[in-house]
Structures are given as structure tokens and as C-alpha cells.
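One structure is given below, encoded as C-alpha cells.
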Amino acid sequence: MTDPRRALPAVGTLLEYEGVQALLRDAPRSLVTDAARDAIDAARLQPAATPVDAAGWSAAVRAHVTRRERSTLRRAINATGVVLHTNLGRAPLADVALDAMREVAGGFSTLEYDATTGSRGSRHVHCAALLAELTGAEDALVVNNCAAALVLALNTFADGRDAIISRGELVEIGGSFRVPDIMTRSGARLVEVGTTNRTHADDYRRALSATTGAIVSVHRSNFALEGFVASVSVRDLAPVAAAGGVPLLYDFGSGLMLDLAAWGLQGELTARDAVRAGASLVMMSGDKLLGGPQAGIMLGSKEHIAALRQNPLARALRVDKLTLAALHATLALYRDPARAVREIPALALLTAPADGLQARAQALAAQLRGGHVNVDVVASDATVGGGAFPTARIPSYAIAAEAALEPYLRDHATPIVGRVTEGRLLLDLRAVAPHDDARLAARLTEASMQHATGAVRPDATA
């Protein structure tokens, strides 16, 4: 029997087809040529899906042109049930933050210009006063993420010196990055105290020496220790650091600005609480529970913040005008806590009532069943994500569909990312904005039709 792959057309043949010629009028020839090669390669891998005529080949080339034109960084719909999903960009920005970015990006700005005096200014001033107002810190500095903040702090105060930290806080964060590795790169020498499960204040006291540069406390944000455990709070560590004459550096992480206990989320300090605890420097993320852009926020005394600003690394780790604009606009919402919960997407998603999600899920299911898509509504447990409230489970609701639809939803201009559990695809609505419901229903209907007609799974030709 002759192998059908021997009959595949040449690239040049495809380029002569009328449908491909139409593509060449709108797209660069090199792009269309590469897409034609992609279509032929796909047919080699999946002979059963080989186009049978010129129209079919033209459609295949057009599909590959579309795929090549897509940016690898694009908007997605997060139906995983993990609200602050690191792989999906963590916190979405508030409308006022997007407006602020557009305003600053559309022209020149006062990034490093003092309009009052007409002289050179500093980008470090733009969020400092507002951060101080909201947290009670004397001063603040913004760098590009929380890991950068930790590196800058250690390099400033413990370069070539000892940095004391509990063994129970030498954690691994996302992407296999480990706190001890990050700390070592700062130039500090790690001095580990205590054990994995139990560390006491005397462990830190005994480790203090003439070569100590800082004591470090890292919030265990992405896991919890239970049972026979002991740790030293920042409040109890502060006098130990003061007695040793060294700064206490607190990696607070989550960036929580408001107490969310009213919505069942308990156990995380707010930024103001962290500052009050007495650390010399408090470091936190901007794109987690704060709900802003990626940033590393450093809060502390004027003396310590001034030392950070004078470190040459501060320039290497600084943020750009768009980050500062988005962060300032997000922070300003916190002057009215009710408005912050309402308008900052991360907070609005986390605090949305479960019965509202159930009503949305039922409406979506009714619409989908009307389009002959077999779905159910199921109760679900969502999580905060982003290394915050690691043990919290938030009541939610999800659309349950065939697991076979997952690759069709994922491989799209706007991917819809759910989770496959016990052989079913769950599309959890906890992190799906209500205005995305119609798009989710349309895509799920389309994916169901593709699957029913035997379209090649998108991941089958990857």
C-alpha cells in the first residue's frame, strides 16, 4: 500500500493555490512560506488529517499563519480556580491602573523631572509618600520584584558578612528558585540556625557575632508547618536584632494591604502590621494580594531606605514608568478600602460570594446545553495562589466538561486554562471575570464542535 505521505504537495505547489495567493497579498512571503512548511509537516505527523484539496490546504496554511502571528504573550482566561496564578500573570490590573499606564506611555512624563523646581528629579519619589501613608513606614523604595528587594537589602547591609536565617525559612519559591541561592548571590554569607521545624530566639542570639550583617526573616507563604513546630515572630526578633546592632530584614511576600478576615481569609499580616512588628525593612510583592503590577516594595526607616537608594544595584533593579504609574494608581484605591475591594480585580475575585458564582455557572450551563454541549455545574474549592493563604480553600463553582476539550480551549488566540480532575475538565469561575462568561461559553461551544467533528487535537501536532 502506498504511503499517502509520498503524495504531499511541495511548498511551491501550495504557494500557487488561489487561497494561499490571497494570503500572500496580506502577509510577508517568508511568513506564508514557513506556514506552508508547517502545514506539510503537520500532515506528515497526522496522515488522517491531511487536506484533500486546494481549499483544504489553503485553510491549513492560513491556520498556521495565524498561529505564527500570535504573540507568545497574550491574554488568557484563568479558569483554574487559582486566583493569583503565577504562570498566568498573577494579579490582573484595575481599570485606573491601566488608564494611568496609557496616560504615561502615550507621551513624555515627569519620571525623573521635578516640575515644582524645574530641576532633575528621582523616580524613587513617585510611590514613596503613598506607601508611607498607607503602611505607616517612614519611607519606601520600589524595585522590580520581591526577590530583587531581598538581594538589594542583603547586598546593602550584609555584603561579605553573615546573614542569619532559620533553616525552616530556606524555602523554594516558583520556578525552582530557592531563597538560599538568591541570598548567596547578594554577597552575604548564610548562617543557618535552628532546625527545619523548630527555631527559637536564642538560636539567633547565639549566632550573632562581629561579622553579622543582618538577621533575615522569610514568611513561609506557600506552605504551612504543623505539629511539633516553633518559630520566632518578627516582633520577637526585632529586639534580638537591635541588641546585636544589625538590621532585621523581613521578606513579607504577599503584599496584603487590607484584612480579609471578613471573607474567611485569615492568618496573613497586612503590610501595616508587618511594619509595626518592628523590622528594619519589610519587603513585599506588588502583583500578589496588593493587586498591582510586578514590583518589589521595600518599607522602612528613612536611614535604611536612603542606604538602599545609594547602592548601585538600585539602578540595575529599578522599575520603569509604566510600573510606577500602575502601582501608584492601585495604591491610591486603598485610601477607600471598600473601593479597593470593589475595583482591584484580585480582591474582587477573592471576595465574590459563592452563590453569585453558582448562579453564573448555572446560567452558563443552560446556555451551553442549549448548544448541545454536555456540561454539569459542580461545587469547587478555589485557592488564593501567589504564595498567600496556602491552606485556605475558597468555596466556588465550576463548569464540568469532557477532558478531551482541554487542548482545544488552550490552543487559541485567547487561551482558556482550566484543570483536569478525575477525568473531567473543570472551568472554575472564581478567577473568571463576569464579562468573560460569554467568551467562555462561545469557546467551549466551538471546542465541542471541533472535537465532535474529529478535528485534530491541537496538541497532537505540537
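Among (1) of a type outside the set (Gly, Ala, Ser); (2) assigned to a loop (DSSP other than H, G, I, E, B); (3) on the phi < 0 side of the Ramachandran plot, which single condition is residue 90 missing?
(3)
Given the options 84, 73, name the one that is in contact with a Gly (Cβ under 7 Å, 6 or more places away or on another chain) and either farther than 20 Å from residue 29 by Cβ or without any contact (Cβ under 8 Å) to a residue 60 or more places away in the chain (or both).
Answer to the selection: 84.
I'd like to verify a number: residues in region 235-277 that are in a helix (DSSP H, G or I), of a type in the set (Asp, Glu) and buried (at least 24 other Cβ atoms within 10 Å of the Cβ), how many?
Residues flagged as in a helix (DSSP H, G or I), of a type in the set (Asp, Glu) and buried (at least 24 other Cβ atoms within 10 Å of the Cβ) within region 235-277 amount to 0.
When you scan region 340-437 for helices (runs of 4 or more DSSP H) that lie fully inside it, which ones turn up with 2 or more residues that are closer than 30 Å to residue 329 by Cα and in contact with a helix residue (DSSP H, G or I) (Cβ under 8 Å, 6 or more places away or on another chain)?
By residue number, 345-351.
How many of the residues making up region 141-181 are surrounded by fewer than 18 Cβ atoms within 10 Å (Cβ to Cβ) and either part of a helix (DSSP H, G or I) or not assigned by TED's automatic domain parsing to the domain that holds residue 249 (or both)?
6
Matching residues to (1) closer than 30 Å to residue 123 by Cα; (2) surrounded by 13 or more Cβ atoms within 10 Å (Cβ to Cβ); (3) touching a strand residue (DSSP E or B) at 6+ places or on another chain (Cβ under 9 Å); (4) not assigned by TED's automatic domain parsing to the domain that holds residue 29:
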residue	(1), (2), (3), (4)
51	no, yes, no, no
54	no, yes, no, no
58	no, yes, no, no
65	no, yes, no, no
81	no, yes, yes, yes
84	yes, yes, yes, yes
103	yes, no, no, yes
106	yes, no, no, yes
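Could we say that residue 55 is more than 23 Å from residue 323 (Cα to Cα), outside any loop (DSSP other than H, G, I, E, B), among the hydrophobic types (A, V, I, L, M, F, W, C) and within 36 Å of the chain's Cα centre (by Cα) here?
In short, no.
Do the conditions hold for residue 95, that is, is it out of contact with any Lys or Arg (no Cβ under 8 Å at 6 or more places or on another chain) and modelled with pLDDT of 95 or more?
yes
Between residues in region 184-200 that are assigned by TED's automatic domain parsing to the domain that holds residue 211 and at positive phi and residues that are hydroxyl-bearing (Ser, Thr, Tyr) and crowded, with 17+ Cβ neighbours inside 10 Å, which pairs lie under 9 Å by C-beta distance while being six or more apart or on different chains?
194/166; 194/204; 194/231
Are there any pairs with C-beta distances below 9 angstrom linking a residue in region 252-266 that is in contact (Cβ under 8 Å) with a residue 12 or more places away in the chain to a residue that is exposed (fewer than 15 other Cβ atoms within 10 Å of the Cβ) and assigned to a loop (DSSP other than H, G, I, E, B), with the two at least 6 apart or on different chains, and if so which?
260/266
Is it the case, given these coordinates, that residue 451 is assigned to a helix (DSSP H, G or I), over 26 Å from residue 355 (Cβ atoms), over 26 Å from the mean Cα position of the chain (by Cα) and not acidic (Asp, Glu)?
Yes, satisfied.
Taking residue 104 as the residue in question, decide whether it is part of a helix (DSSP H, G or I) and touching a Lys or Arg at 6+ places or on another chain (Cβ under 6 Å).
Answer is yes for this residue.
Residues checked against (1) among the small types (Gly, Ala, Ser); (2) assigned to a helix (DSSP H, G or I); (3) under 17 Å from the mean Cα position of the chain (by Cα); (4) over 11 Å from residue 153 (Cα atoms):
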site	(1), (2), (3), (4)
279	yes, no, no, yes
287	no, no, yes, yes
290	no, no, yes, yes
294	no, no, yes, yes
297	no, no, yes, yes
307	yes, yes, no, no
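Just one of (1) touching a residue at least 40 places away in the same chain (Cβ under 8 Å); (2) surrounded by 13 or more Cβ atoms within 10 Å (Cβ to Cβ); (3) over 30 Å from residue 344 (Cβ atoms) trips up residue 47, so point out which.
(2)
Of the numbered conditions (1) within 30 Å of residue 172 (Cα to Cα); (2) in contact (Cβ under 8 Å) with a residue 40 or more places away in the chain; (3) of a type outside the set (A, V, I, L, M, F, W, C), residue 315 fails exactly one; give the number of that condition.
(2)
Taking the options 42, 35, name whichever one is touching a helix residue (DSSP H, G or I) at 6+ places or on another chain (Cβ under 7 Å), touching a residue at least 40 places away in the same chain (Cβ under 8 Å) and either of a type in the set (S, T, N, Q) or under 18 Å from residue 70 (Cβ atoms) (or both).
The conditions single out 42.
Just checking, how many residues over region 337-352 are more than 18 Å from residue 389 (Cα to Cα) and in contact with a Lys or Arg (Cβ under 9 Å, 6 or more places away or on another chain)?
The total comes to 0.
The values are calculated or read from the model by the stated rules, or taken from the named source; none is laboratory data. What you see is a predicted model, and the numbers here were worked out from it, not measured in a lab. All Cβ positions, glycine included, derive from the backbone under ideal geometry; neighbour counts span all protein chains shown.
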